[in-house]
Amino acid sequence: MFDVIAQRYDFMNRFLSLGIDTLWRKKAIALFKKDHPQHLLDVATGTGDMALLAARRLQPQKITGIDLSENMLQIGRQKLRSYKGPTQIQLLQGDSETINFSNDSFDGAMVAFGVRNFENLEQGLAEIKRVLKPGAQLVVLEFSKPRWRVAKAFYNLYMGTIAPQLAGWFRQNKKAYKYLNASANAFPDRDAFVHILSNAGYSDTSFKPLSLGICCIYTGRKPV
């Protein structure tokens, strides 16, 4: 599915979110500043948006992005050609549940709008923890369900009806955007996801709602 929508995925993200997703990404990446990570892992990197933004704002030595969709990665590699910063960025085809790196390899890991697509959520989180160094932080950015009644009604209308219709007008895959809404609604958000993080062995787990609860930032650390 992501191979099919890869060509205009970035444009539709900006358009459908009115550009707010970029602000969310910046807030998530800012949580790494105090850690000064030198090798970051970007899981479900897609077209490399988070990797490129983190490179510009954190300037670590290296960022490794992994994703199952080769078409999305190809778009990301095209974007890398115009990147001139000091950070080495590598985009590889890979699965969150079987990460091809040894234990304690990364100073931090991030997942932006990808954990809801993990086939086995607990296995994916455990595998990310395995490749993190002790004390390293995981930052997850994901859609959540607003609690305020008015915001919830608008969110359901927009994501369930308006967004897929706009995708159809732009000759995108309407079924794909309906899937994105369904997966967001099925995701165990807020306290439920924090509980899953804790069960997966992460410490210092927390979440912070953004934009009336449309999105949340989740954090946890691999215990020292």
Exercise for the section: Go through the residues of segment 119-129 one by one and say whether even a single one is surrounded by 16 or more Cβ atoms within 10 Å (Cβ to Cβ), free of Cβ contacts under 8 Å to residues at least 60 places away in the same chain and more than 20 Å from Thr22 (Cα to Cα). Expected result: yes
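Quick one: how many residues across segment 72-99 are polar (S, T, N, Q) and without any contact (Cβ under 8 Å) to a residue 24 or more places away in the chain?
2
Confirm whether Ser69 is exposed (fewer than 13 other Cβ atoms within 10 Å of the Cβ), at pLDDT below 95 and either touching a strand residue (DSSP E or B) at 6+ places or on another chain (Cβ under 9 Å) or over 24 Å from Leu31 (Cα atoms) (or both).
Details: exposed (fewer than 13 other Cβ atoms within 10 Å of the Cβ): no; at pLDDT below 95: yes; either touching a strand residue (DSSP E or B) at 6+ places or on another chain (Cβ under 9 Å) or over 24 Å from Leu31 (Cα atoms) (or both): yes.
In short, no.
Being closer than 21 Å to Leu180 by Cα, touching an Asp or Glu at 6+ places or on another chain (Cβ under 9 Å) and either buried (at least 18 other Cβ atoms within 10 Å of the Cβ) or small (Gly, Ala, Ser) (or both), is that true of even one residue in segment 22-38?
Of the residues in segment 22-38, the ones closer than 21 Å to Leu180 by Cα are 22-25, 28.
If we keep only those that are touching an Asp or Glu at 6+ places or on another chain (Cβ under 9 Å) as well, we get 22, 25.
In the following step, the residues that additionally are either buried (at least 18 other Cβ atoms within 10 Å of the Cβ) or small (Gly, Ala, Ser) (or both) were identified as 25.
Yes, segment 22-38 contains at least one residue that is closer than 21 Å to Leu180 by Cα, touching an Asp or Glu at 6+ places or on another chain (Cβ under 9 Å) and either buried (at least 18 other Cβ atoms within 10 Å of the Cβ) or small (Gly, Ala, Ser) (or both).
Here is a yes/no grid of residues against (1) modelled with pLDDT of 85 or more; (2) in a strand (DSSP E or B); (3) at positive phi:
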site	(1), (2), (3)
Leu92	yes, yes, no
Ile128	yes, no, no
Asn156	no, no, no
Met159	no, no, no
Ala167	no, no, no
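The values are calculated or read from the model by the stated rules, or taken from the named source; none is laboratory data. The shown structure was predicted, so the numbers you read here are calculated from the model rather than taken from an experiment. Positions of Cβ are generated from backbone atoms using ideal geometry, with glycine treated the same way; all protein chains shown enter the neighbour counts.
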